[in-house]
Amino acid sequence: MRLKSLVLGVAATAIAVTGTLVTAHAEELYVPSLSYRTGPFAGGGIPFANGFADYLNMLNERDGGIGGVKIKVEECETGYNAQKGVECYEATKGKGALVYNPLSTGITLQLIPKAPVDQIPVLSMGYGLSAAGVGKSFPYTFTYPTGYWSQMSSILKYIDANGGLKGKKIGFIYLDAGYGREPIPLLDKLAPKLGFEWVGFPVAGKDMQNQGSQWLNVRKERPDWMIMWGWGAMNATAVKEAAKIRFPLDRFIGNWWAGAHADLDPVGAAGKGYLAANFSGVGADYPALQDVKKLVVDAGKSQTAPDKVGDVLYNRGLFNAVIVAEAIKAAQEKTGKKMITGADMRDGLELFDLSEVRLKELGLGGFTGPVKGSCADHEGGGSVFIQQWDGSDWKRTTDLIAPMTDVVRPLLEEAAAKYTSDKPGWKGQECG
Amino acid sequence: MELLHEIFVAPFILIGELPDLFVQTIWEGFVAGILYALIALGFVLIFKASGVFNFAQGIMVVFAALTLVGLHSLGIPAWIALFMTIGVMALLAIGIERVVLRPLVGQHDAILLMATIGLTLFLKGAGEFVFGGEPKPMITTELGLPTGVTDLEMFGGLVSLQHLDIAAVVIATIMVAALAIFFSKTRIGRALRAVADDHQAALSVGISLNQIWAIVWFAAGVVALVTGIMWGARSDVSFALEIIALKALAVLILGGFTSIPGAIVGGLIIGIGEKVFEVYWGGLFGGGVEAWFAYMLALIFLLFRPQGLFGEKIIERV
């Protein structure tokens, strides 16, 4: 009898505890973070994941979450592997996931067709499929604040403003993967239009730290400028190799994933002069970042070392979290509900409007340029600035450079139409 | 016709036009080849002693380099950190022999291979747990490695020799020579060769298999440390270095799994071959041929000379 009572008691307690947990789960805004803290690309994945989690945790600490509901950030390790990324997606989507931020073009490409089916949006912030910026064709995918093609056009504008583009030879060194190959169609289209020639130097994933051949080819081809679409260990190696063949580093521009502290710290003074595009502020001199430092990092609720707050990729991850938080807020305001669904979140992302005034309210004045989305525009029209490595730190050297929207937008729409043309069941949306 | 021109004429015109680039390509290939040979050497040592293809050699390179950099970051002077790292690799070798190999004596080679895969996962996890996943700069100058460059004016152009690359060649050569002498002239070396020839016969004349394995794994650990320092100095110390070790597979197929000279010659053929092929014929394939050139060459060798250039021909009598 006593045993029976004990068993019943334990069972009742278990049910009560489970019930409490379920209730707690239901009262949280669940944001999965497909991160990578291990593997060859961990150097970029770690600071990004830290910035992302720390900002949302700061909102929990400072504001009690968003609209009075706490945010639960749950990481799932992908190792920058598309298959593992999909496994993470499948394992977390049933927990009430509001949005996916894969930090991998390979994973993004896998999730794009799943997003409308499961009604959970994908926010590939400044990566992924460039054509996904066309909201009419991709209702559930967003590339705020801007996409790869727009970024490439901004970099080309920078080159044009610094000696002209016409008649020049542009070298393009890229990670030979979906991510690195993404801007190639744009280069093919823009080269004859803008009067430059381009030559590609692919770097295989397993040769990221073994680029001797590529840079011998650079020496052979003698390009006027080099542009890099690199990630992880590829970046530091490329800058070292460029310095080795004495390629002028102030004519070598990395994209926004090839211009972090993690990339240039190992290079140090040898990388002085190297340029990179960026769209998120550098440093911790922003009120929002000070709140993160005080309430999360210094309070021991973060995996970040205090001196890493403000690093390029930390701030990038934080900016990703800002977009997520603003979209949640917009969705709550639109629906009048505190607890929102993935479909509501999608609507919130379309209402995303990060004006200069709003940036100041958030304690991020001057952190980035204004970004505004819409039903048709899932890219946001964001601009980039160019930063330069001074041997020990990044220094911003230009104002914001807007993309060549007039040239890029029709090409994006063409690419979006091509993507959906061979997918009979694909559902777009009408935008007024 | 144009294709034939691109294959048989254009590359040689380019060599004639830019002979300095050709010399530079050969030098870069030579340095890469020596470094490939160094990685392959780690595999050969263990394969000779135990017939095991050590899948963990790549991660041992990362683990050794991370230990060195990690110890130095604690404020330990570079040279003391270097000797401490050698000590860690010795402890690792003893640990592997005791925990992994000894219980598996007499098991099928495939089981030992699986054990080294398990070891890879363990070292990867342990490395990431202790040192974190971020890339770290190699302590090149602290170790006294040169970082300058010497320019040679040649054929109306410049050939740049990085001092670090020269140091890599010198250190790797000394290392290979020392290992060759150690394994051919010393008592332990002779014992190793006896173990390699026949485990049972070696045991019957009183050679300690356990001791030999620990020594060989330690030697492979030291080779991994030197490899890690050299590759790390060329880029940085990150877990991506592990992947470079895959190139050693092709080197081993070319040179033979049991031959130290084979590892060196195989490394040089692949190092120089892939650089020359990439620069002069890579354009025909849209670039990026370096990613597959070594494996294609290995495949050709497997078809026509499966034992490699210096490997022993396998004759199984039934």
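Note on the stretch A:26-43: residues that are facing chain B (nearest Cβ under 9 Å) and crowded, with 24+ Cβ neighbours inside 10 Å amount to 5. Per the conditions (1) in a helix (DSSP H, G or I); (2) of a type in the set (Phe, Trp, Tyr); (3) within 22 Å of the chain's Cα centre (by Cα), the sole criterion not satisfied by A:Trp257 is (1).
Residues in the stretch B:132-158 that are part of a strand (DSSP E or B) and within 11 Å of chain A (Cβ to nearest Cβ): B:Lys136, B:Val149, B:Asp151, B:Gly157, B:Leu158. Among the residues of the stretch B:104-122, are any touching a helix residue (DSSP H, G or I) at 6+ places or on another chain (Cβ under 7 Å) and within 14 Å of chain A (Cβ to nearest Cβ)? Yes, the conditions are met somewhere in the stretch B:104-122. Right, A:Thr335: among the polar types (S, T, N, Q), surrounded by fewer than 18 Cβ atoms within 10 Å (Cβ to Cβ), at pLDDT 95 or above and not assigned by TED's automatic domain parsing to the domain that holds A:Thr141 or not? Here the answer is no, as A:Thr335 does not meet what is asked. Among the conditions (1) within 28 Å of A:Gly205 (Cα to Cα); (2) without any contact (Cβ under 8 Å) to a residue 40 or more places away in the chain; (3) touching a strand residue (DSSP E or B) at 6+ places or on another chain (Cβ under 7 Å), A:Ala82 misses just one, which is (3). Does B:Leu254 meet the test of being closer than 29 Å to B:Phe131 by Cβ, away from chain A (no Cβ under 12 Å) and of a type in the set (A, V, I, L, M, F, W, C)? No; evaluated as a whole, the condition is false for this residue. The set of residues in the stretch B:216-246 being within 11 Å of chain A (Cβ to nearest Cβ) and out of contact with any Asp or Glu (no Cβ under 9 Å at 6 or more places or on another chain) consists of B:Trp231, B:Gly232, B:Ala233, B:Val237, B:Ala240, B:Leu241, B:Glu242, B:Ala245, B:Leu246. Cβ-Cβ distances below 7 Å connect the following pairs, each with a first residue in the stretch B:1-29 that is touching a residue at least 60 places away in the same chain (Cβ under 8 Å) and under 11 Å from B:Tyr280 (Cα atoms), a second residue that is part of a helix (DSSP H, G or I) and hydroxyl-bearing (Ser, Thr, Tyr), and a separation of six or more residues or different chains: B:Pro11/B:Tyr280; B:Leu14/B:Tyr280. Of the set (1) surrounded by fewer than 18 Cβ atoms within 10 Å (Cβ to Cβ); (2) modelled with pLDDT under 85; (3) over 25 Å from B:Pro261 (Cβ atoms); (4) not hydroxyl-bearing (Ser, Thr, Tyr), all apply to B:Leu209 but (1).
In the stretch A:60-80, the qualifying residues are those that are in a loop (DSSP other than H, G, I, E, B) and in contact with a helix residue (DSSP H, G or I) (Cβ under 8 Å, 6 or more places away or on another chain), and the one that is modelled with the lowest pLDDT is A:Tyr80. Could you please let me know if B:Ile94 is modelled with pLDDT of 90 or more, among the hydrophobic types (A, V, I, L, M, F, W, C) and closer than 26 Å to A:Met234 by Cα? It is false that B:Ile94 is modelled with pLDDT of 90 or more, among the hydrophobic types (A, V, I, L, M, F, W, C) and closer than 26 Å to A:Met234 by Cα. Put simply, of A:Leu21, A:Leu56 the only residue that is modelled with pLDDT of 95 or more and in a helix (DSSP H, G or I) is A:Leu56. Screening B:Val226 against (1) outside any helix (DSSP H, G or I); (2) closer than 27 Å to B:Phe63 by Cα; (3) β-branched (Val, Ile, Thr) leaves a single unmet condition, (1).
You will find that of A:Asp291, A:Asp298, the residue that is in contact with a Lys or Arg (Cβ under 9 Å, 6 or more places away or on another chain), at pLDDT 95 or above and not small (Gly, Ala, Ser) is A:Asp291 and no other.
B:Leu35: surrounded by 17 or more Cβ atoms within 10 Å (Cβ to Cβ), of a type in the set (A, V, I, L, M) and under 23 Å from B:Ala291 (Cα atoms), yes or no? Yes. Looking only at residues in the stretch B:97-147 that are over 23 Å from B:Gly70 (Cβ atoms) and among the charged types (D, E, K, R), the one that is modelled with the lowest pLDDT is B:Asp109. All conditions in (1) within 14 Å of chain A (Cβ to nearest Cβ); (2) crowded, with 18+ Cβ neighbours inside 10 Å; (3) over 30 Å from B:Leu68 (Cα atoms) hold for B:Ala168, with the sole exception of (3). Name the residues in the stretch B:277-295 that are at the interface with another protein chain (Cβ under 8 Å from one of its Cβ atoms), surrounded by 24 or more Cβ atoms within 10 Å (Cβ to Cβ), farther than 21 Å from B:Phe8 by Cβ and not charged (D, E, K, R), would you? The answer is none; no residue qualifies. The set of residues in the stretch A:377-403 that are in a loop (DSSP other than H, G, I, E, B) and touching a Ser or Thr at 6+ places or on another chain (Cβ under 7 Å) comprises A:His378, A:Glu379, A:Gly380, A:Gly381, A:Gly382, A:Ser383, A:Leu400, A:Ala402, A:Pro403.
The values are calculated or read from the model by the stated rules, or taken from the named source; none is laboratory data. Treat the numbers as computed from the prediction; the structure is a model and nothing was measured. Neighbour counts are summed over all protein chains in view; Cβ atoms, including those assigned to glycine, are modelled from backbone coordinates with ideal geometry.
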